[in-house]
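Colleague: I'd like to ask some things about the structure below.
The values are calculated or read from the model by the stated rules, or taken from the named source; none is laboratory data. Note that the structure is predicted; figures quoted are calculated from it, not measured. All Cβ positions, even for glycine, are placed from backbone atoms using ideal geometry, and neighbour counts span all protein chains on display.
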Amino acid sequence: MAASVFDLRRWLEKAEAIGQLKKAEGADLKLEVGAISELNSKRGGPAILFDNFEGYKAGFRVLTGSTLNSLTLGLTMGFEGHLDNLAVVDKVAEKLRAVEATANDYPVEFVTDGPIMENVVKEDDVDLTIFPVPVWHELDGGEFIGTGCWQIHQDPESGWTNVGTYRVQTLGKNVVGNYISPGHHGNIIRQKYWDRGEPCPVVMCFGAHPLFLLLGSSDVPAGVDELAWAGALAGNRVPVVKGPVTGLPIPADAEVVVEGYAYPNDQLTEGPLGEFTGYYAGGQTLEPVVRVKALYYRNDPILLASPVGRPPNDTSYQFSIMRSAAIKETLRKAGVPAVRGVWVSEAGGGRMFLATSITQKYAGHAGQAAAIACNCQAGGLMARYSIVVDDDIDPSNNDDLIWALSTRSDPQEDIDILRQCWSNPLDPMITDEDKARKRLWNSRAVINACIPFDRLARVAKTYKGEAFAPVAEATPDLLKETKEKWAHLFE
Ligand SMILES: Cc1cc2nc3c(=O)[nH]c(=O)nc-3n(C[C@H](O)[C@H](O)[C@H](O)COP(=O)(O)O)c2cc1C
């Protein structure tokens, strides 16, 4: 049988063919795999497949760095080539738009069997410690089997299936901690079961094609079935086996999956974990656990991991791209015209520092774009700075951005502060006292670094005093001519 388009092993073959896969044998699970992955994320990939861990079965593998550049992200999403940041954002935005229109045609396809059922372990026989799970960072509170993982929850009222990436700590052979931030869909759905006094059924996937991770970690609105989106993106319905325990869908080509329940008031100590903000701010707290009732895995299973930490990290490139694309789409839907590009900085963890570039069309256009960008579903969580710049500025280029901020904004006029916005306990600026009082909000600065609209209308070709000063750089035509004529100086 031909391998499914959702088979991670097929993805690995393709990654190898384009020079985007390296292999590492015998690395130490305690810190070494984490440190290698950290170094690799700072240089933008390739993906690394780790094997042969001391004390574990050979062939039980760990993959990191799956989407650290445009080649591997493109391989995952279905496009090719080295592309710059804004071009990748545009490609992804285009795909998201197309997917939204067609997702209804790609519901999951129930099948009776699949590679994931090669090994089935039930109840007390479940032992998650057979899998090689790295200790990612020096101050981590244990082994996190789930970083590049994702979970399936089903809304008990509407039946909507949500896929979300929420970290998972191994706390015993058949029990795992599961931190889900307030406001995230898995948290909201779980609470609905608990409000009825029922346990919340869940499927957790610890290894699969990275497309599911990209969609599971994208802030898409409630009601979106990311499995149908994955199907629409791949042009193939996702084959799933009906979970024998929970009835939830289990992707047939996944590598490692568990089914279980999160019971009301069932909590254990979780964390800390080096987080995407670059800190261990979440600390160690009591968090809900999932009691694992069944484990399924392929022969020679591969855990897909995405260890975070001080950015750039394993996740920050895809976070920036996926979030930038989603915000750009949101601005379009909100009717904000002439958006050249959106970039959510990797350095801000792919959440906290947003820049939007626009061609100003009317007074107030700039403020409108920046305010929506940092408060919509895709851009709302933990945003701290939302900057709007003109269309001659590439928002993903820090020199461009700092030049615009330095020369086109007047702090006393151009910075507005929004208060009590959506944040969470991972925000290092929120104190323990505030966390205890559930004051889980932040403020955010909306900064207009566009040429003031009234002066833009009067920008002069030559400086006359009243218009905004012309930019002091050679025109593109002059630069092109000069480069051609003096080519030997610029090789
Ligand atoms: C590697 C990785 C780890 C993440 N860990 C968590 C986590 O532990 N808890 C959480 O709430 N969100 C986490 N996220 C972010 C969510 O996956 C993301 O915000 C997603 O949109 C949530 O899905 P939802 O909107 O359906 O709830 C993580 C994302 C990635 C890529």
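Colleague: If you take the residues in segment 310-329 that are basic (Lys, Arg) and away from the ligand (no atom under 11 Å from the Cβ), which one is surrounded by the fewest Cβ atoms within 10 Å (Cβ to Cβ)? Quick ask: steps written out before the conclusion?
Modeller: Going residue by residue through segment 310-329, those that are basic (Lys, Arg) are 310, 323, 328.
Within this subset, residues satisfying the condition of being away from the ligand (no atom under 11 Å from the Cβ) are 310, 328.
Details: ARG310: 18, LYS328: 27.
The residue in question is ARG310.
Colleague: What's the total number of residues in segment 330-352 that are surrounded by fewer than 23 Cβ atoms within 10 Å (Cβ to Cβ) and under 18 Å from GLY45 (Cβ atoms)?
Modeller: Adding up the residues that qualify gives 2.
Colleague: Something else now. Quick test of your reading of the structure: ALA87 fulfils all but one of (1) surrounded by fewer than 21 Cβ atoms within 10 Å (Cβ to Cβ); (2) touching a residue at least 60 places away in the same chain (Cβ under 8 Å); (3) small (Gly, Ala, Ser). Name the failing condition by number.
Modeller: Single failed check for ALA87: (2).
Colleague: Would you confirm whether any residue within segment 128-142 is under 15 Å from TYR261 (Cα atoms), away from the ligand (no atom under 15 Å from the Cβ) and modelled with pLDDT of 95 or more?
Modeller: From segment 128-142, those under 15 Å from TYR261 (Cα atoms) are none; that's our starting set.
Within segment 128-142 (the criterion being under 15 Å from TYR261 (Cα atoms), away from the ligand (no atom under 15 Å from the Cβ) and modelled with pLDDT of 95 or more), the answer is no, since none of the residues qualifies.
Colleague: Moving on. Considering LEU21, LEU68, which residue is under 30 Å from VAL240 (Cα atoms), without any contact (Cβ under 8 Å) to a residue 40 or more places away in the chain and not assigned by TED's automatic domain parsing to the domain that holds GLU346?
Modeller: Numbers: LEU68 fails: without any contact (Cβ under 8 Å) to a residue 40 or more places away in the chain.
Testing whether each residue is under 30 Å from VAL240 (Cα atoms), without any contact (Cβ under 8 Å) to a residue 40 or more places away in the chain and not assigned by TED's automatic domain parsing to the domain that holds GLU346 leaves just LEU21.
Colleague: Of all residues in segment 149-171, count the ones that are more than 17 Å from ASP219 (Cβ to Cβ) and small (Gly, Ala, Ser).
Modeller: Number of matching residues: 2.
Colleague: Here's a follow-up. Is there any pair with a first residue in segment 458-478 that is of a type in the set (S, T, N, Q) and a second that is at pLDDT 90 or above and in a loop (DSSP other than H, G, I, E, B) whose Cβ atoms are under 9 Å apart and which are 6 or more apart or on different chains, and what are they?
Modeller: Pairs found: none.
Colleague: Let me ask you something else. Please determine, by comparing only the residues of segment 293-309 that are farther than 17 Å from HIS209 by Cβ and buried (at least 24 other Cβ atoms within 10 Å of the Cβ), which one is nearest to the ligand (Cβ to nearest atom).
Modeller: Per the criteria, the residue is VAL308.
Colleague: So, one more: Against the condition assigned to a loop (DSSP other than H, G, I, E, B) and in the same structural domain as SER423 (by TED's automatic domain parsing), how does PRO337 come out, does it pass?
Modeller: yes
Colleague: Please state which of the following conditions GLY207 fails to meet, knowing it meets all the rest: (1) within 12 Å of the ligand (Cβ to nearest atom); (2) within 21 Å of the chain's Cα centre (by Cα).
Modeller: Single failed check for GLY207: (1).
Colleague: Answer yes or no as to whether ILE430 is farther than 26 Å from ARG455 by Cβ, assigned by TED's automatic domain parsing to the domain that holds GLU329 and of a type in the set (Val, Ile, Thr).
Modeller: Working: farther than 26 Å from ARG455 by Cβ: yes; assigned by TED's automatic domain parsing to the domain that holds GLU329: yes; of a type in the set (Val, Ile, Thr): yes.
Judged against the criteria, ILE430 is a match.
Colleague: If we scan segment 280-291, do we find a residue that is modelled with pLDDT of 95 or more and closer than 25 Å to ILE387 by Cα?
Modeller: no
Colleague: Quick one: ILE447 ticks every box in (1) within 30 Å of GLY216 (Cα to Cα); (2) surrounded by 15 or more Cβ atoms within 10 Å (Cβ to Cβ); (3) among the aliphatic types (A, V, I, L, M) bar one, so which box is it?
Modeller: (1)
Colleague: Could you grab me the full set of residues in segment 137-164 that are under 14 Å from VAL176 (Cβ atoms), surrounded by fewer than 19 Cβ atoms within 10 Å (Cβ to Cβ) and of a type in the set (Ser, Thr, Tyr)?
Modeller: Result: no residue meets the conditions.
Colleague: Output the number of the condition that ILE189 fails; it satisfies all remaining conditions of (1) surrounded by fewer than 22 Cβ atoms within 10 Å (Cβ to Cβ); (2) near the ligand (Cβ under 10 Å from one of its atoms); (3) more than 23 Å from ALA325 (Cα to Cα); (4) aliphatic (A, V, I, L, M).
Modeller: With respect to (1) surrounded by fewer than 22 Cβ atoms within 10 Å (Cβ to Cβ); (2) near the ligand (Cβ under 10 Å from one of its atoms); (3) more than 23 Å from ALA325 (Cα to Cα); (4) aliphatic (A, V, I, L, M), ILE189 is out only on (1).
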